[in-house]
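Heads up: the structure comes next, in structure tokens.
Nothing in this text is a laboratory measurement; each read-out follows from the coordinates by a stated rule. Please read all numbers here as calculations on a predicted model, not as lab measurements. Cβ coordinates were reconstructed from backbone atoms using ideal geometry, including for glycine residues, and neighbour counts include every protein chain displayed.
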Amino acid sequence: MTEIPKIYIVDDDEAIRNLLGLIMHSENLPFELYSSAEEFLAQVTPAIRGCLILDVTMPGISGLQLLERLRQKYKTLPIIIMTGYADVAMAVKAMKMGAIDFIEKPFNNAKLLRVLYSCLAYCESLQHDQNEKEECARRLERLTKRERQVMDLLVEGYKNKVIATRLNISPRTVELHRARVMEKLEVRSLSEVVRIALTASEHSDITVYKQLERVS
């Protein structure tokens with residue numbers, strides 16, 4: 001089950017944690033507080049959704065070390081780094097490692113909230129993309145093995161006659177399979193077939209635009 005987007009706050013400074021908790025509460029934003037990277041890592045799950053506010057300097061596992069670990073497993077989790085004035089260079093390094101933004105302490109509440117809401121909007125966009133990907137995958141599952149073969153070759157840009165030769169079937173049979181593919185995928189154009197195929201694919205090196213150039 002997908003978790004509700006939350007604000008996850010990791011800081012060893014209790015005063016900062018409590019202050020951030022009050023701000024989240026005043027905005028009716030769900031949040032969780034953690035006093036260390038170790039505590040957070042013990043609770044984090046693959047279903048995590050939301051935004052992480054992370055102190056850059058902490059005892060034990062540092063903010064940068066936690067950032068590095070999270071980027072290996074949770075690449076889409078937006079992370080905001082909190083830093084003191086003396087640690088700005090470290091915050092810049094954190095952004096190069098994948099942090100989405102950094103905020104200096106003492107922080108400005110309005111700026112913090114602007115960044116947070118931007119992160120949450122990003123999370124919603126990711127969820128929408130994931131939902132679309134799953135829907136495309138479900139449609140592809142409707143295809144028979146032969147229909148999938150025809151579709152794959154269509155997506156690669158081959159014409160009906162070439163597909164017929166490669167699959168050792170008649171061009172008329174290719175046309176019939178093509179019509180069934182479009183019917184089952186609930187689309188009206190080949191460009192939509194390409195979009196569904198690429199959206200459902202987790203590992204594609206070819207952009208939709210390059211594919212469309214070949215089939216146009």
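Think of region 59-153 as a dipole: +1 on every Lys or Arg Cβ, -1 on every Asp or Glu Cβ, centred on the Cα centre; then among I61, G84, M151, M151 lies furthest on the positive end. Taking 26 Å as the straight-line reach from the Cα of K93, the lysines in range (excluding those fewer than 8 positions away in the same chain) are K6, K73, K75, K105, K111. Taken about its Cα centre, region 1-152 carries a charge dipole of roughly 740 debye when the Cβ of each Lys and Arg holds +1 and the Cβ of each Asp and Glu holds -1. Note on A137 and Q43: their simple-model spin labels are 2.9 nm apart, each label 7 Å out from Cα toward Cβ.
According to the Kirkwood relation over distinct C-alpha pairs, the hydrodynamic radius of the chain is 20.3 Å.
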